[in-house]
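Before any comments, here is the structure.
The values are calculated or read from the model by the stated rules, or taken from the named source; none is laboratory data. The structure presented is a predicted model; accordingly, all values stated were derived computationally and were not measured. Glycine also receives a Cβ, built like all others from the backbone with ideal geometry; neighbour counts cover every protein chain displayed. Remember, those area values only see protein heavy atoms, side chains included, never the ligands or the DNA or RNA. Shrake-Rupley method; radii C 1.70, N 1.55, O 1.52, S 1.80 Å.
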Amino acid sequence: MENTYSSNFISTIIEKDLKTGKYKNVITRFPPEPNGYLHIGHIRAISANFEMAKMFNGKTNLRFDDTNPIKEDIEYVDAIKEDISWLGYKWDILLWASSYFEEMYNKAVLLIKKGLAYVDDQTAKEISENRGTLTEAGKASPFRNRTIEENLDLFERMKNREFPEGSKVLRAKIDMASANINMRDPVIYRIAYITHHNTGNKWCLYPMYDFAHPIEDAIEGITHSLCSLEFEDHRPLYDWVVRECVMDCVPTQIEFAKLLLSDTVLSKRNLRKLVEDKIVDGWDDPRLATIRGLRRRGYTAEAIKKFVFETGLSKSNGIVDYQQLEYYIREDLKMKAPRSMAVLKPLKVVITNYPVGQVEWLDEEINKEVPEMGCRKIPFSREVYIEQDDFMEVPIPKYHRLFPGNEVRLAHAYFIKCTEVIKDETGKIIEVHATYDPDTKSGTGFTGRKVKGTIHWVDALHNVSCEFHLFDHLTIENEETKELSFIEKLNPNSKEILTGYLEENMKDVKPFDKYQFTRHGYFSVDPKYTKNNKIVFNRIVSLKSSFKINK
């Protein structure tokens with residue numbers, strides 16, 4: 001069975017609405033504002049709309065909520081479409097909020113004629129100051145009681161560009177004493193002299209989100225308007241707009257908790273600052289939880305969606321541990337990723353008793369858990385690279401890897417014993433000499449002495465040079481950083497670049513190819529910097545974690 005959400009409060013509401021005949025079918029929509037790149041928090045909204053519709057054989061529209069041209073750009077439109085497609089979702093109809101500007105304007109005129117909207121000359125600051133507080137009622141605008149005729153005239157002149165930006169707005173006339181501040185005469189139109197990417201310079205009047213959104217939903221026949229919990233207090237205004245604008249369809253707004261992830265940045269404003277100040281390597285930086293960043297790092301759509309499905313849909317906000325996302329990518333790649341060896345911090349080992357010029361080709365399974373993947377050939381010769389961390393001249397207690405006089409196994413190959421340490425003039429170790437025992441070849445059934453350490457390696461004469469990018473959490477979240485700004489919380493060690501070696505058979509890897517490297521974890525070929533014979537691997541996640549999923 002295909003992974004999706006289990007039964008939840010939203011599916012229960014939809015099922016009831018269908019059984020009672022409130023709606024004959026289900027139509028949802030994902031309505032992003034094209035003012036930035038999507039991140040993992042948006043995936044819950046995307047999947048909620050697409051999956052709930054699919055669960056009831058319904059449809060999902062993709063609608064760009066392009067009512068604020070000041071911040072919007074076609075670059076984001078293209079990126080959003082690509083990201084949704086990469087996740088595996090197909091929208092039924094592609095729509096634009098700007099296509100409804102004429103009808104929205106007419107509905108605003110209708111509200112004026114009903115005495116439910118008025119033109120206000122107060123400044124934005126005055127409107128905010130007069131809105132009141134949670135315990136004090138708001139103060140009515142001195143322009144609240146303008147006549148219908150005067151409001152119609154002023155609104156028409158606003159549309160005809162007779163007034164400067166910020167000089168007038170159109171407000172809904174509801175209740176300045178409402179316990180819900182959103183109902184205290186909200187602004188529903190403002191003047192903005194800016195070219196719109198879809199409508200050009202046709203309009204200088206642009207609707208506010210709380211007015212435009214319910215009208216858009218109703219025009220499209222949306223049955224269930226699924227949105228994040230922050231819009232729960234806006235629902236009375238949503239219903240008011242649909243009712244007073246006399247819309248044929250009456251959608252049901254349902255709110256669910258946002259998906260918040262620990263140790264990263266999800267605020268669009270903060271993400272934009274990171275990108276514009278070049279603190280990160282663009283919107284697709286692998287440290288970011290943008291969809292593009294996760295994809296470039298090597299996360300799969302399947303793992304991300306499984307993570308989102310398992311965190312579920314609820315009415316209570318909470319922060320999900322980043323380790324839970326890492327758990328699902330490990331589970332996904334465990335059965336998909338070929339195994340290989342890579343040395344990230346090389347130290348050369350010369351096997352002095354191995355024949356000069358001889359090369360053996362060792363056989364090893366590509367993935368022991370998936371035998372049908374077959375085997376790979378690994379070259380082995382007199383010189384190999386091991387990890388610097390796998391050698392200590394003066395070993396610490398319980399150190400079982402290579403040190404002078406100690407014997408270890410080279411994975412898939414032979415036992416070797418360290419015989420000499422070579423240093424440069426500064427005293428830095430640059431090479432290790434060792435001998436090997438030809439009777440200890442892996443797979444030959446050798447049952448003699450045992451060794452406590454097995455280390456991975458890459459042949460020094462047959463390999464591929466590679467750059468490895470290792471990542472840590474972008475932010476540091478703890479008691480000490482709790483009161484700091486997000487910039488002050490940034491982890492200065494969130495990225496490390498190393499240069500090492502891959503097995504020779506990996507010379508033809510392609511962007512997004514994924515491997516499990518012995519002891520290091522899961523890696524993916526970086527699509528941005530892998531070119532002109534240069535290979536860059538991003539570490540997706542380390543191999544193991546103590547994190548457990550509570551079933």
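Of all residues in segment 114-138, those satisfying the criterion of being open to solvent by 80 Å² or more (accessible area, probe 1.4 Å), in contact (Cβ under 8 Å) with a residue 40 or more places away in the chain and under 41 Å from the mean Cα position of the chain (by Cα) are 124, 134.
Just for segment 188-212: of the residues that are among the hydrophobic types (A, V, I, L, M, F, W, C) and under 33 Å from the mean Cα position of the chain (by Cα), which one is nearest to residue 148 (Cα to Cα)? Taking the candidates together, the pick is 188. Remark: pairs (first residue in segment 449-470, closer than 30 Å to residue 397 by Cβ and of a type in the set (A, V, I, L, M); second residue outside any strand (DSSP E or B) and open to solvent by less than 20 Å² (accessible area, probe 1.4 Å); Cβ separation under 9 Å; 6+ apart in sequence or on different chains) = 451/440; 455/390; 455/411; 458/341; 470/344. Within segment 263-300, which residues are in a helix (DSSP H, G or I), open to solvent by 10 Å² or more (accessible area, probe 1.4 Å) and not charged (D, E, K, R)? Across segment 263-300, the qualifying residues are 270, 275. Being open to solvent by less than 60 Å² (accessible area, probe 1.4 Å) and closer than 16 Å to residue 299 by Cα is the filter here; which residues of segment 466-495 pass it? Scanning segment 466-495 gives 469, 470, 471, 473. Scanning segment 139-175 for residues that are aliphatic (A, V, I, L, M) and under 40 Å from the mean Cα position of the chain (by Cα) returns 169, 170, 172, 174. Quick one: how many residues across segment 243-281 are without any contact (Cβ under 8 Å) to a residue 12 or more places away in the chain and on the phi > 0 side of the Ramachandran plot? Residues in segment 243-281 being without any contact (Cβ under 8 Å) to a residue 12 or more places away in the chain and on the phi > 0 side of the Ramachandran plot: 1 in total.
Candidates 299, 385, 328, 354: the one that is in contact (Cβ under 8 Å) with a residue 24 or more places away in the chain and in contact with a Pro (Cβ under 7 Å, 6 or more places away or on another chain) is 385. Within the option set 28, 60, being in contact (Cβ under 8 Å) with a residue 60 or more places away in the chain, closer than 19 Å to residue 308 by Cβ and over 19 Å from the mean Cα position of the chain (by Cα) holds for one residue only, 28.
Pick from segment 365-394 the residues that are open to solvent by 30 Å² or more (accessible area, probe 1.4 Å) and among the basic types (Lys, Arg): which of them is farthest from residue 443 (Cα to Cα)?
382
Quick one: is residue 49 modelled with pLDDT of 95 or more, within 17 Å of residue 255 (Cβ to Cβ) and in a helix (DSSP H, G or I)? In short, yes. The single condition from (1) surrounded by 18 or more Cβ atoms within 10 Å (Cβ to Cβ); (2) touching a His at 6+ places or on another chain (Cβ under 7 Å) that residue 352 fails is (1). Could you say whether any residue in segment 245-262 is of a type in the set (A, V, I, L, M), at pLDDT below 95 and crowded, with 19+ Cβ neighbours inside 10 Å? Yes - at least one qualifying residue is present in segment 245-262. Counting the residues of segment 177-205 that are of a type in the set (Ser, Thr, Tyr), touching a helix residue (DSSP H, G or I) at 6+ places or on another chain (Cβ under 8 Å) and either modelled with pLDDT of 95 or more or closer than 17 Å to residue 244 by Cβ (or both) gives 1.
Among the residues of segment 496-542, those that are surrounded by fewer than 21 Cβ atoms within 10 Å (Cβ to Cβ), of a type in the set (Asp, Glu) and part of a loop (DSSP other than H, G, I, E, B) comprise 508, 513. Considered as a group, the residues in segment 407-422 that are closer than 18 Å to residue 342 by Cβ and outside any strand (DSSP E or B) include one that is most open to solvent (accessible area, probe 1.4 Å), and that residue is 412. In segment 5-22, the residues that are more than 16 Å from residue 310 (Cβ to Cβ) and in a loop (DSSP other than H, G, I, E, B) reach residues that are open to solvent by less than 60 Å² (accessible area, probe 1.4 Å) and at pLDDT 95 or above with C-beta atoms within less than 8 angstrom, at least six apart or across chains, in these pairs: 22/252. Is it the case that some residue within segment 13-22 is touching a strand residue (DSSP E or B) at 6+ places or on another chain (Cβ under 7 Å), crowded, with 23+ Cβ neighbours inside 10 Å and on the phi < 0 side of the Ramachandran plot? Within segment 13-22, one or more residues are touching a strand residue (DSSP E or B) at 6+ places or on another chain (Cβ under 7 Å), crowded, with 23+ Cβ neighbours inside 10 Å and on the phi < 0 side of the Ramachandran plot. Picking from residues in segment 85-113 that are assigned to a helix (DSSP H, G or I) and basic (Lys, Arg), the one that is most open to solvent (accessible area, probe 1.4 Å) is 113.
Sub-9 Å Cβ pairs linking a first residue in segment 139-151 that is part of a loop (DSSP other than H, G, I, E, B) to a second residue that is basic (Lys, Arg) and open to solvent by 40 Å² or more (accessible area, probe 1.4 Å), at least 6 apart or interchain, are 139/131; 144/173, ordered by first then second residue. Condition first: touching a strand residue (DSSP E or B) at 6+ places or on another chain (Cβ under 8 Å), closer than 24 Å to residue 311 by Cβ, touching a residue at least 24 places away in the same chain (Cβ under 8 Å) and of a type outside the set (Phe, Trp, Tyr). Can you find one or more residues in segment 514-527 that meet it? Checking segment 514-527: at least one residue is touching a strand residue (DSSP E or B) at 6+ places or on another chain (Cβ under 8 Å), closer than 24 Å to residue 311 by Cβ, touching a residue at least 24 places away in the same chain (Cβ under 8 Å) and of a type outside the set (Phe, Trp, Tyr).
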